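Participant: One structure is given below, represented as structure tokens, and several questions about it will come after.
The values are calculated or read from the model by the stated rules, or taken from the named source; none is laboratory data. Bear in mind the structure is a predicted one, so any value in this text is a computation, not a measurement. Backbone-built Cβ (ideal geometry, glycine too); neighbour counts: all protein chains shown. Side chains included, ligands, DNA and RNA excluded: accessible areas come from the protein's heavy atoms. Shrake-Rupley method; radii C 1.70, N 1.55, O 1.52, S 1.80 Å.
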Amino acid sequence: MTTLAPSAPDVRGSGTLTILDPRDGSVVGEVVEADRDEVAQAVRRARAALDGWARTDAAARGELLHRAADALRERAAEFAALNERETGKPYDDSLGGVMAGAGTLRQYAELGPVHRGHSLVGGRYAGDYTVAQPRGVVAAVTPWNDPVAVACGLLGAALATGNVVVHKPSERSPHVGALLGEVLSSVLPVDVLVTVSGGGAVGAALTEHPDVDVVAHVGSTSTGRKIARVAALTGAHVIRENGGNDALVVDADVDPAWAAAQAALGSFANAGQICTSVERIFVHRAIAPAFVEALAAEATARNEQRLLGPLVDGRLRDEVDAQVRAAIEDGATAVVGGSVPDGDGSWYPATVLTGCRPGMTIMQEETFGPVAPVQVVDSFDEGLRLAGADRYGLAATVLTASIEHANRAAADLDVGTVKINAVFGGAPGGAAQPRRDSGAGFGYGPELLDEMTLTKVVHVGLPQMPAPGLPDAHLAPGGTDTVTTSAADAGAAVTAGGGPATPLTDADADADADGDGGDSGRTPHPEEPAEGGDEDDEGTTTGGDVPRVHPSDPAEG
Ligand code: NAD
């Protein structure tokens, strides 16, 4: 197990994390936070494992990720039960998240070996190709709302591409995070994955560390901003998948009951603790009464049947409740829910608010709870405009029977993901690139492999061969004398840029597949410069058609 053992007293966080079960407030357990030295030690250990892991064949890394997925699945029930106790996420949902995490590891196990580059033909005998190389040490800083699924995406993509990872799970789900580190590390080489426990201060110590090459953060916008500021100084590459304030626009021509079911799913799934939860609903006036009635019925059914889990803790519940109360004070009406229930735990009911307006905090800020705020609009265009008038840019959904409206929404909504006629259900393995306050970079999909790697451009040209008759310093590779064949052979040989004829070496002769005795047996391309090529300042010849090695290199010739 590579979770750092807690030790020194100079803990930067609170020292010990006490986790309460949000269903009843009982103690789940305590986890001691890593201190700054332990964070540095974790980075050092991961760095030491980098070379071996980066040099491991991609297929072998993929095989180990498959084994990691197997190990995760074998203990899925244990993970799900622990996740439910730590965060309140109902067992079946928790299990779904664990299985999704295992599935993501498998996807990256398969995608890693086929992660490929590009090529560009720069001349008949010259070209560029690209290779992806690991960036180095990845600090993966993750949240609690789907702790296994989210972490497995970042870990899988980072490890598949030859990076090593220091994972800092959320302080609200540290037991699940530590167990994940233990299970995955049981099949991975030592220190390829190291887990550190702790809160925001520990995350800060990790992301500030100068030997971290990538910071991949999934979490709130305010934390993402802090991380971006720090990374601007350390130079780490940053991937930020942050908060959202997703809109749902309901057109006049859809079934109000179906639209209400979609809205309820979007607002209440995982008790509203999903980054892409529906946060603002703009419904066309023509169907608004029927829609609100059906949405209220959906919420009431969830509350009566206790289908929602609790919020993760009292702190989050207070934040959600404060937003709801402020909206009511500003003139909104709680048609269902809207107040904290009596009893233990951090429960909050499915809540439907009507009479909402854009100026209300609940419409401007992410609400990480089961709240469906509704505003009636007079046209689809008005709904589209209000949906787009937001500082977040994660995702948005439109429900419409009009292909024209759907196409306009897809084109005009300034968000990373536009969903047409389904609030959830993107393809497994799909990409997402948030905008504005919702983050930056791809946090999912095959594109995450690109984020986790550096692209190296390799430019390949033909070598310049020694000209005949020059002093006998012309040794063939390996130190043997250049073998000159006949003068005719020498005269026929041409260099890459149409340079002087050169003698053949043994090696050339071996490689001379067509047996004609030429250096490559080729005739210069008519568009190449005449023999002698271009001459640079140092008097060496270069092919005029050879592309520049780097866009900033001066053009040759
Ligand atoms: P958070 O940002 O508070 O915490 C996430 C992680 O960041 C935790 O591990 C935390 O310890 C760490 N952290 C906190 N302060 C830090 C600092 N100064 N430096 C470095 N690390 C620090 O977020 P949260 O409350 O745990 O998660 C909920 C948020 O995550 C919501 O806003 C939700 O929308 C977002 N989220 C986004 C996505 C996405 O894909 N866009 C997915 C899941 C959750």
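Participant: Looking at the structure I just gave you, is GLY103 touching a helix residue (DSSP H, G or I) at 6+ places or on another chain (Cβ under 9 Å) and not in a strand (DSSP E or B)?
Facilitator: yes
Participant: Can you go through GLY123, GLY156 and tell me which one is away from the ligand (no atom under 14 Å from the Cβ) and surrounded by fewer than 24 Cβ atoms within 10 Å (Cβ to Cβ)?
Facilitator: From the options GLY123, GLY156, the qualifying one is GLY123.
Participant: Filter the stretch 323-356 down to the residues that are open to solvent by 50 Å² or more (accessible area, probe 1.4 Å) and of a type in the set (A, V, I, L, M) and list them by number.
Facilitator: ILE328, VAL335, VAL340
Participant: Now a separate question. So, of the residues in the stretch 414-444 that are crowded, with 21+ Cβ neighbours inside 10 Å and away from the ligand (no atom under 11 Å from the Cβ), which turns out to be nearest to the chain's Cα centre (by Cα)?
Facilitator: Ranking the candidates gives VAL415 first.
Participant: Of the residues in the stretch 163-187, how many are of a type outside the set (S, T, N, Q), away from the ligand (no atom under 16 Å from the Cβ) and crowded, with 24+ Cβ neighbours inside 10 Å?
Facilitator: 2
Participant: Does GLU451 satisfy the condition of being within 16 Å of the ligand (Cβ to nearest atom) and in contact with a Gly (Cβ under 8 Å, 6 or more places away or on another chain)?
Facilitator: In short, yes.
Participant: Count, please, the residues in the stretch 296-316 that happen to be more than 16 Å from the ligand (Cβ to nearest atom), over 26 Å from ARG357 (Cβ atoms) and outside any loop (DSSP other than H, G, I, E, B).
Facilitator: Summing the residues that are more than 16 Å from the ligand (Cβ to nearest atom), over 26 Å from ARG357 (Cβ atoms) and outside any loop (DSSP other than H, G, I, E, B) in the stretch 296-316 gives 2.
Participant: Here is a follow-up. Out of the residues in the stretch 215-224 that are open to solvent by 40 Å² or more (accessible area, probe 1.4 Å) and more than 30 Å from ARG408 (Cα to Cα), state the one that is nearest to the ligand (Cβ to nearest atom).
Facilitator: Across the stretch 215-224, the extreme among qualifying residues is THR223.
Participant: Can GLY359 be described as open to solvent by 30 Å² or more (accessible area, probe 1.4 Å) and in contact with a Ser or Thr (Cβ under 6 Å, 6 or more places away or on another chain)?
Facilitator: It is false that GLY359 is open to solvent by 30 Å² or more (accessible area, probe 1.4 Å) and in contact with a Ser or Thr (Cβ under 6 Å, 6 or more places away or on another chain).
Participant: Answer yes or no as to whether GLU319 is at pLDDT 95 or above, outside any helix (DSSP H, G or I) and within 16 Å of the ligand (Cβ to nearest atom).
Facilitator: So GLU319 fails the test.
Participant: Which pairs turn up if I take residues in the stretch 291-302 that are open to solvent by 20 Å² or more (accessible area, probe 1.4 Å) and look for partners that are assigned to a helix (DSSP H, G or I) with beta carbon separation below 6 Å, at least 6 apart in sequence or on another chain?
Facilitator: ALA294/PRO256; ALA294/ALA257; ALA294/ALA260; GLU298/ALA260; GLU298/ALA264; ARG302/PHE268
Participant: Can you tell me how many residues within the stretch 335-369 are in contact with a strand residue (DSSP E or B) (Cβ under 6 Å, 6 or more places away or on another chain), of a type in the set (A, V, I, L, M) and closer than 19 Å to ASP246 by Cβ?
Facilitator: The qualifying residues number 4.
Participant: Look at ALA139 and say whether it is open to solvent by 10 Å² or more (accessible area, probe 1.4 Å) and aliphatic (A, V, I, L, M).
Facilitator: The answer is no for ALA139.
Participant: If you scan the stretch 225-249, which residues turn out to be within 7 Å of the ligand (Cβ to nearest atom) and either closer than 20 Å to GLY445 by Cα or of a type in the set (Asp, Glu) (or both)?
Facilitator: If the condition is that a residue be within 7 Å of the ligand (Cβ to nearest atom) and either closer than 20 Å to GLY445 by Cα or of a type in the set (Asp, Glu) (or both), then GLU241, ASN242, GLY243, GLY244 are the ones that fit.
Participant: Follow-up. Considering only residues of the stretch 362-408 that are aliphatic (A, V, I, L, M) and without any contact (Cβ under 8 Å) to a residue 24 or more places away in the chain, which is surrounded by the fewest Cβ atoms within 10 Å (Cβ to Cβ)?
Facilitator: Applying the filter and picking the extreme gives ILE403.
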